[in-house]
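Novice: Please see the structure below; I have some questions.
The values are calculated or read from the model by the stated rules, or taken from the named source; none is laboratory data. The structure presented is a predicted model; accordingly, all values stated were derived computationally and were not measured. Cβ coordinates were reconstructed from backbone atoms using ideal geometry, including for glycine residues, and neighbour counts include every protein chain displayed. Protein only, heavy atoms only, side chains kept; ligands, DNA and RNA dropped before computing areas. Shrake-Rupley method; radii C 1.70, N 1.55, O 1.52, S 1.80 Å.
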Amino acid sequence: EAGRATSPSQQVLSAIARALRLSAAEREHLFLLGGHQPPGPGQLSGHIPPGLRRLLDQLDGTPLSVHDAAWNLILWNPLWAALFWDPSAQRGRERNIVWRHFAGLPGRVTHSPEQQARFEAAVVADLRAATARYPADSGLLSLIGDLRDTSSAFAHLWDTGIVGVHESDTKTVDHPDVGTLTLDCDVLIAPGTDLRVVAYTAAPGSDAAEKLKLLNVIGTQTMTGSIALG
């Protein structure tokens, strides 16, 4: 942490645990060595089990991202970064999918009105479920409070108690270098965790599949020499 702290923060310890692919017991020991209590059952966890991490590593031809129960982005593969944006330099709310959507941050996904309604209902319902499961998590409560203050649409959905679920859907992605891709999007819940694994796939031989192959080659080094965020 740039030498400014005498001990690492919990956020840094969590990042180290993910990078080293520590088990739950090893992660707990790391927090204790760092002078912190391990996150308790009333707090969001971004711990990725080693088996899930190995599985994701083997799917390098598929854009994948992993999110905690509040939709904070905690892991992504290079193809996901090439398709959407490289979040490696971003922190905090800039990595939260719900915040990015309702705060109007730039993005490459184009929703139809029906798709947007389904997406918003699902993620608001997810946050409501997260508050029931993690009522003492200050970061989660702060996120919801700020979303209510920032977005009237979010506040309305939250107050009406809308219920939504994630279903297989299509996403249209407008990429500045390879053009428009229409991809199937699936949200999977990792067994035994609250982690959301989001996978984007294309039918074999389709135009979108060929564009994904091209993105897998060029990565975040775009053909124009710069990459647009969002």
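Novice: Every residue in region 182-204 that is more than 19 Å from F119 (Cβ to Cβ) and surrounded by 17 or more Cβ atoms within 10 Å (Cβ to Cβ), please.
Specialist: Once the filter is applied, which keeps residues that are more than 19 Å from F119 (Cβ to Cβ) and surrounded by 17 or more Cβ atoms within 10 Å (Cβ to Cβ), region 182-204 yields T193, A202.
Novice: Starting from region 107-123, keep only residues that are on the phi < 0 side of the Ramachandran plot, then list their pairs with residues that are in a helix (DSSP H, G or I) and surrounded by fewer than 17 Cβ atoms within 10 Å (Cβ to Cβ) whose Cβ atoms are within a distance under 8 Å, requiring at least 6 positions of separation or different chains.
Specialist: Final answer for the pair search is E120/A153.
Novice: Which of the residues belonging to region 130-143 are in a helix (DSSP H, G or I) and farther than 14 Å from H101 by Cβ?
Specialist: Passing the criteria: A130, T131, A132, R133, S138, G139, L140, L141, S142.
Novice: Being surrounded by fewer than 15 Cβ atoms within 10 Å (Cβ to Cβ) and assigned to a strand (DSSP E or B) is the filter here, so list the residues in region 150-181 that pass it.
Specialist: Scanning region 150-181 gives T170, D174, G179, T180.
Novice: Taking the options A209, A199, A155, name whichever one is free of Cβ contacts under 8 Å to residues at least 12 places away in the same chain, small (G, A, S) and farther than 20 Å from A121 by Cβ.
Specialist: A209
Novice: Checking the structure you have, find out if any residue of region 130-140 is open to solvent by less than 40 Å² (accessible area, probe 1.4 Å) and under 17 Å from the mean Cα position of the chain (by Cα).
Specialist: Checking region 130-140: at least one residue is open to solvent by less than 40 Å² (accessible area, probe 1.4 Å) and under 17 Å from the mean Cα position of the chain (by Cα).
Novice: Also: State which residue pairs qualify: first residue closer than 10 Å to S168 by Cβ and inside region 178-189, second residue at pLDDT 95 or above and of a type in the set (V, I, T) in any location, beta carbons under 7 Å apart, and separation of 6 or more residues or different chains.
Specialist: Final answer for the pair search is D184/T201; C185/V198; V187/V198.
This table checks each residue for (1) under 17 Å from D149 (Cα atoms); (2) open to solvent by less than 40 Å² (accessible area, probe 1.4 Å).
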site: F84; (1), (2): no, yes
site: R91; (1), (2): no, no
site: R100; (1), (2): yes, yes
site: A103; (1), (2): yes, yes
site: V109; (1), (2): no, no
site: L127; (1), (2): yes, yes
